[in-house]
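The values are calculated or read from the model by the stated rules, or taken from the named source; none is laboratory data. Please read all numbers here as calculations on a predicted model, not as lab measurements. Note that we place each Cβ from the backbone using ideal geometry, even for glycine, and neighbour counts take in every protein chain shown. We work out accessible area using only protein heavy atoms, side chains counted, and drop any ligands, DNA or RNA first. Shrake-Rupley method; radii C 1.70, N 1.55, O 1.52, S 1.80 Å.
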Amino acid sequence: METKDILKKVKKIEIKTRRLSDHIFSGEYHTSFKGRGMTFAEVRQYQFGDDIRSIDWNVTARYNEPYIKVFEEERELTMMLVVDISGSEHFGSTDQFKNEIVTEIAATLAFSATQNNDKVGLLLFSDQIELYIPPKKGKSHVLRIIRELVDFKPKSRKTNLSLALEYLSKVLKKKAIVFVLSDFITANYEQTLKISAKKHDITGIRVYDLREKSLPKLGLIAVMDAETDEKVWVNTNDTAVRQEFEKNYLDHETFFQKTFYKCGAGVIQMHVEESYVKKLLGYFKSR
């Protein structure tokens, strides 16, 4: 993709997702994710209805009238977008591929964080760490993140979520809001998720295509694995084949859901034809 086309695509995504974050998500995001604690803001005169436990007795004694300490939430947060860019993300049976929806969701979340003056970082992974952008504030930083999501070329097409979570624990020293965006066609990440979820506020966003759920009857067709390039011929008229295909899908879905819930992490699931706006809003409100 040429630079001109990349910039055009980034601008299109910015216009769409920034509008969503400005008018819909920023308030929901703000109330859904709390700061690191309460910090002292000021001392003011006591007013009727104030909690007497907040009285500053030293200042009260000095001025011979009651004063209270006022605290406010330490609001600044760090959001980390952990995005799967393996081969299976480049699949779609409708107008958009899974990775295109993932990019829009990531951009919307990033702009929502920026509205609250929070830092945003990006981790792109396959079965290796493809790119790490440390958390930072500002619109230009978010645009760089979107540009990487649009045009980054991974070295590998395989998937290893466990590796990504391990890396995250090493580079992020303080608690962060972490969104993991993937189709979760992978396994063996339960232990690393368990460790990461104790330190960070993690939400898994599973984006899938309906064609990954069941095979239509199309006779004998050639099927290629997007992560290994392995090509096989499949008889889609065979009931046993279709049942095995669906079972494989359900195994990944069940493992994802059970593992994230068990580890105390959040779960969002959507297929590419669903409105991610409604899904995100519903999730924020449920928190």
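Ratio of Rg to Rh for the range 201-241: 1.13 [Cα atoms; Kirkwood radius as inverse mean 1/r over pairs].
In plain terms, the bigger the Kirkwood radius, the slower the diffusion; for the range 228-287, with that radius from Cα pairs, at 25 °C and 0.890 mPa s, Stokes-Einstein puts D at 169 µm²/s. Entry note, the range 78-184: relative contact order of 40 percent, from Cα contacts under 8 Å with a spacing of 6+ residues.
How big is the gap, in Å, between the Cα center of the range 273-287 and the Cα center of the range 127-177? Measuring centre to centre over Cα atoms gives 23 Å. Work out the P(r) tail for the range 135-219: percent of alpha carbon pairs separated by more than 21 Å, whole number. Beyond 21 Å sits 47 percent of the P(r) for the range 135-219.
Beta bridges assigned by DSSP with both partners in the range 162-236 are antiparallel in approximately 45 percent of cases. Among 59, 108, 82, whose Cα sits farthest toward the positive end of the charge dipole of the chain (+1 at Cβ of Lys/Arg, -1 at Cβ of Asp/Glu, about the Cα centre)? Highest projection toward the positive end goes to 59. Ellipsoid semi-axes for the range 93-193, based on the Cα gyration tensor and the rule √(5λ), read 21, 19, 12 Å when sorted largest first.
A 1.4 Å probe, protein heavy atoms only, puts the accessible area of residue 95 near 150 Å².
Taking only the alpha carbons of the chain, we obtain Rg and Dmax values of 23.0, 90 Å in that order.
Remark: relative contact order (the range 137-234) = 26 percent; criterion is Cα-Cα distance under 8 angstrom and separation of 6 or more residues.
By a 1.4 Å probe calculation restricted to protein chains, residue 141 has an accessible surface near 20 Å², given to the nearest 10.
When the chain is treated as a Gaussian network with alpha carbon springs shorter than 10 Å, the biggest mean-square fluctuation among 260, 91, 245 belongs to 245. Rounded to two decimals, the Cα-based Rg/Rh of the range 84-146, with Kirkwood Rh, is 1.02. Accessible surface of residue 217, taken over heavy atoms with a 1.4 Å probe and every protein chain present, rounds to 140 Å². Comparing mean-square fluctuations of 128, 96, 47 from a GNM of the chain with C-alpha springs under 10 Å, the top value falls on 47. For the range 175-287, the extents of the C-alpha atoms along the principal axes are 50, 31, 22 Å, listed from largest to smallest.
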